[in-house]
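Here's the structure, in structure tokens; my notes come after.
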Amino acid sequence: RAVSADVAYLRSVLPSTTDDAFFDYLATLDASEVTVTAIPEGSVVFARVPFLQVKGPLLVVQLLETTLLCLVNYASLVATNAARFRLLAGPDVKLMEMGLRRAQGPDGALSASKYSYIGGFDCTSNILAGKLYGIPVRGTIAHSFVMSFRSLEEVQPRELPPQTGGDPVDLAALAVSWLQRVCDLLQTPVESTNEGELAAFVSYAVTFPCDFQGLLDTYCVRRSGLPNFCAVALALHQLGYRAIGVRLDSGDLAQQSKEIRRVFRACGAHFQVPWFGTIPIAVSNDISEQSLEEFRREGSEIDMIGIGTNLVTCPLQPSLGCVYKLVEVNGSPCLKLTEDEEKMTIPGMKTIYRLYDAAGHPFMDLMALQEEPSPSAGQELGIRVLGRLGETTKVIPTNVEPLHRTYFRDGQVCEPLPSLPEVRSHAQLSLSLLSPAHRRLHEPQPYPVHPLLPSLPLGNA
């Protein structure tokens, strides 16, 4: 319901000739007469399919337009973009959203974290999103942390007790002894490694012995970052701990991942530490769809990918063009005619059905007027082809799914809203049901959305 301060502000900016009765009406305005039906959040939705249908007093539903479009457009855009990255990465690679620094403000960042998780990402670096939405949070150490150390003398504290108990051990000294053995194996001079980097790794390992990870490219991956990490990880192993991974943030990520994997396997075999060869490798650095295609084409040993800018800013399509159109007033259908055929509306309140084939894939979304009988599985349906005047076709679905549900009626939520993990699971299931021809990212087969032929009775088309 509108509050007096809001009405007073509107009175101050609207023409002085505005009737007082209008402001009196605004003061009593609420959503008690509004009904909202929607396709469940996380469903795959196609062009021309009404995602939301809002019914109520004309002024009220007009006032809702901007708010609803704001809530739907960016959220759908990011979830779709995230789904594209998930399809390219495949099911086994972990995807981490890390776009907070590049997002359009804190609200955009929180939305991006939430809806990229729905789209298929596994975790976020946004701690606030983790707190508010329960999204798993992940992160790695920063270059600035590594660069803040100059020598091992700066490491305090430096002692770590074995995981099984016992007297604390000087981890820095133990890492130095392992560094010599690692460099001998890799045929790398110890003098080429950066002592400040080794100190940073030791300091991190003392603080988080069960969660030790390394950022390898602050100086040089092959000559410094990699041997320093292996030395500290092997020192931790000697005390009963296990490193959890490394990250690369520059260079040829796919090629470097393969080289790092070879070194991990060589260390694991030489020092008889079997798990060492499977240490997860994460990458970042302006990752795009093209990057993932290159990883797949070249082959890689990448286990986790951190994606920021190209996820949250959606550069391939910076905005989504969802619209909000009037289709019926007082039971009379409305039609918008325009010079641009794409902007023409389809009149009348509609019910949307998703038609499935024998393989379980959806092959068409069918629009019917609410008063028309519901189609059923195995029934022959007459379909008018959108955009091609006069062209019709016939289809026989194996299964028929009504898409819309009523979520809001008479000012009350009338259907339980799913949790974020449930929405995410539903989104991934919806994507998995699409046929490969519709799901592919390059030159996908267009998914048809057509109206039912009103002139033909169902089953007798």
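The values are calculated or read from the model by the stated rules, or taken from the named source; none is laboratory data. Every value quoted in this text rests on a predicted model; they were computed, and no experiment measured them. Counting neighbours? That spans all protein chains shown, and the Cβs are built from the backbone with ideal geometry, glycine included. For the accessible areas, the whole protein counts, side chains as well, though only heavy atoms, and no ligand, DNA or RNA atoms are used. Shrake-Rupley method; radii C 1.70, N 1.55, O 1.52, S 1.80 Å.
Within the stretch 302-323, which residues are more than 19 Å from residue 108 (Cβ to Cβ) and surrounded by 17 or more Cβ atoms within 10 Å (Cβ to Cβ)?
To start, the set of residues in the stretch 302-323 that are more than 19 Å from residue 108 (Cβ to Cβ) comprises 302-305, 323.
302, 303, 304, 305 - these are the residues of the stretch 302-323 that are more than 19 Å from residue 108 (Cβ to Cβ) and surrounded by 17 or more Cβ atoms within 10 Å (Cβ to Cβ).
Scanning the stretch 232-256 for residues that are part of a helix (DSSP H, G or I) and in contact with a Cys (Cβ under 8 Å, 6 or more places away or on another chain) yields a count of 1.
Working only within the stretch 404-413, note down all residues that are farther than 24 Å from residue 44 by Cβ and open to solvent by 60 Å² or more (accessible area, probe 1.4 Å).
Selection gives 409, 410, 412.
Where strands (runs of 3 or more DSSP E) fall wholly inside the stretch 281-398, the ranges with 1 or more residues that are of a type in the set (Ser, Thr, Tyr) and not assigned by the TED database to the domain that holds residue 102 are 350-356, 392-395.
In this structure, residue 190 does not satisfy being at pLDDT 95 or above, within 30 Å of residue 114 (Cα to Cα) and open to solvent by 40 Å² or more (accessible area, probe 1.4 Å).
The helices (runs of 4 or more DSSP H) found wholly in the stretch 1-91 and carrying at least 3 residues that are closer than 25 Å to residue 367 by Cα occupy 58-63, 65-89. Exactly one residue out of 257, 250 is over 22 Å from residue 160 (Cβ atoms), within 31 Å of the chain's Cα centre (by Cα), buried (at least 16 other Cβ atoms within 10 Å of the Cβ) and not basic (Lys, Arg): that is 257.
Which pairs have Cβ atoms under 9 Å, sit 6 or more apart or on different chains, and link a residue in the stretch 206-227 that is of a type in the set (S, T, N, Q) to one that is part of a strand (DSSP E or B) and open to solvent by 20 Å² or more (accessible area, probe 1.4 Å)? Going by the 9 Å Cβ cut-off, the qualifying pairs are 213/247.
Kindly provide the set of residues from the stretch 72-116 that are of a type in the set (Ser, Thr, Tyr) and either without any contact (Cβ under 8 Å) to a residue 24 or more places away in the chain or under 13 Å from residue 431 (Cβ atoms) (or both), ordered by number.
Applying the first criterion (of a type in the set (Ser, Thr, Tyr)) to the stretch 72-116 yields 74, 76, 80, 111, 113, 115-116.
Those that are of a type in the set (Ser, Thr, Tyr) and either without any contact (Cβ under 8 Å) to a residue 24 or more places away in the chain or under 13 Å from residue 431 (Cβ atoms) (or both): 80, 113.
All of (1) assigned to a helix (DSSP H, G or I); (2) of a type outside the set (Val, Ile, Thr); (3) open to solvent by 10 Å² or more (accessible area, probe 1.4 Å) hold for residue 229 with one exception: (3). When 306, 348, 321 are checked against the criterion of being modelled with pLDDT under 95 and either in contact with a His (Cβ under 6 Å, 6 or more places away or on another chain) or over 29 Å from residue 399 (Cβ atoms) (or both), 321 stands alone in meeting it.
On the given criteria, is residue 312 aliphatic (A, V, I, L, M) and at pLDDT below 95?
On the way: aliphatic (A, V, I, L, M): yes; at pLDDT below 95: no.
Taking the combined requirement at face value, the residue does not satisfy it.
Per the conditions (1) open to solvent by 10 Å² or more (accessible area, probe 1.4 Å); (2) touching a residue at least 12 places away in the same chain (Cβ under 8 Å); (3) closer than 15 Å to residue 187 by Cα, the sole criterion not satisfied by residue 262 is (2).
So which residues in the stretch 193-222 are of a type outside the set (D, E, K, R) and either assigned to a helix (DSSP H, G or I) or at pLDDT below 95 (or both)?
Residues of the stretch 193-222 that are of a type outside the set (D, E, K, R), as a first pass: 193-194, 196, 198-210, 212-216, 218-221.
Within the stretch 193-222, 196, 198, 199, 200, 201, 202, 203, 204, 205, 206, 207, 221 qualify.
Residue 391 meets all of the listed conditions (1) of a type outside the set (A, V, I, L, M); (2) open to solvent by 60 Å² or more (accessible area, probe 1.4 Å); (3) under 31 Å from the mean Cα position of the chain (by Cα); (4) closer than 23 Å to residue 345 by Cβ but one, namely (3).
Results for (1) small (Gly, Ala, Ser); (2) farther than 16 Å from residue 404 by Cβ; (3) touching a Phe, Trp or Tyr at 6+ places or on another chain (Cβ under 6 Å), shown as yes or no for each residue.
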site: 342; (1), (2), (3): no, yes, no
site: 349; (1), (2), (3): no, no, no
site: 353; (1), (2), (3): no, no, no
site: 359; (1), (2), (3): yes, yes, no
site: 371; (1), (2), (3): no, no, no
site: 377; (1), (2), (3): yes, yes, no
site: 380; (1), (2), (3): no, yes, no
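Only a single item in (1) under 21 Å from residue 302 (Cβ atoms); (2) surrounded by fewer than 21 Cβ atoms within 10 Å (Cβ to Cβ) is not met by residue 108, and it is number (1).
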